[in-house]
């Protein structure tokens, strides 16, 4: 049996990502590389550690991910991060995000079978009100694949460290009816499919609230 390479796509399982997620091997390889194959809070050397390259010490609550002039359709996602009760704002929680560019790739120098460093990535950290916002460009699906366009995300902070379900977009024709039904099932991380609307400046805007898992709620 030939070992899969970065060009092969199939059903993968990974902690915090969708079960039976019809994703790609590059996405899985990136996730494994970024967290060293260990996403659970108990595997961190300290409660606030999350082994992601270039992570800033104190991210703001609002960020702009792409560099100026990045090709693509402008996108703004905002929302709340709540404690496990779904009502209390969770302060001091960092949301890590990364995604493909307008061509559907993570990095122009990515090599076959090797996890590239995501070029478009960023971190936001909630304040007392639990709010977050990131501005970026709308990601594109992998070239030649059937995986919906998405944004990978993980949360970490005091007692919290795990991947959450990807951000998908409601108008994506690659999302099947079965996937739409499954991703809207409660999983403790908020709704996966985000409905986007374009404002008068042609900027896509959407909202996603995230509820932390009960066992890993911040104090």
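The values are calculated or read from the model by the stated rules, or taken from the named source; none is laboratory data. Note that the structure is a prediction, hence the values are computed from the model and not measured. Note that each Cβ is placed from the backbone with ideal geometry, even for glycine, and that neighbours are counted across all protein chains shown.
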| said: Given the options 139, 115, 108, name the one that is buried (at least 22 other Cβ atoms within 10 Å of the Cβ) and under 28 Å from residue 59 (Cα atoms). | reply: 139
| Where residues in segment 143-156 are part of a loop (DSSP other than H, G, I, E, B) and in contact with a strand residue (DSSP E or B) (Cβ under 6 Å, 6 or more places away or on another chain), which of them is farthest from residue 196 (Cα to Cα)? | 145
| query | Out of (1) surrounded by 17 or more Cβ atoms within 10 Å (Cβ to Cβ); (2) under 18 Å from residue 193 (Cα atoms), what's the single condition that is false for residue 170? | reply | (1)
| message | Within segment 178-190, does at least one residue satisfy the condition of being surrounded by fewer than 22 Cβ atoms within 10 Å (Cβ to Cβ), in a loop (DSSP other than H, G, I, E, B) and at pLDDT 90 or above? | response | no
| message | So residue 127 passes all but one of these: (1) surrounded by fewer than 16 Cβ atoms within 10 Å (Cβ to Cβ); (2) at pLDDT 95 or above; (3) touching a strand residue (DSSP E or B) at 6+ places or on another chain (Cβ under 7 Å). Which condition number does it fail? | response | (3)
| query | Hey, does segment 129-142 have a residue that's outside any loop (DSSP other than H, G, I, E, B), under 20 Å from residue 98 (Cα atoms) and more than 16 Å from the chain's Cα centre (by Cα)? | reply | yes
| If only one of 30, 81 is under 15 Å from the mean Cα position of the chain (by Cα), modelled with pLDDT under 90 and crowded, with 20+ Cβ neighbours inside 10 Å, which one is it? | 30
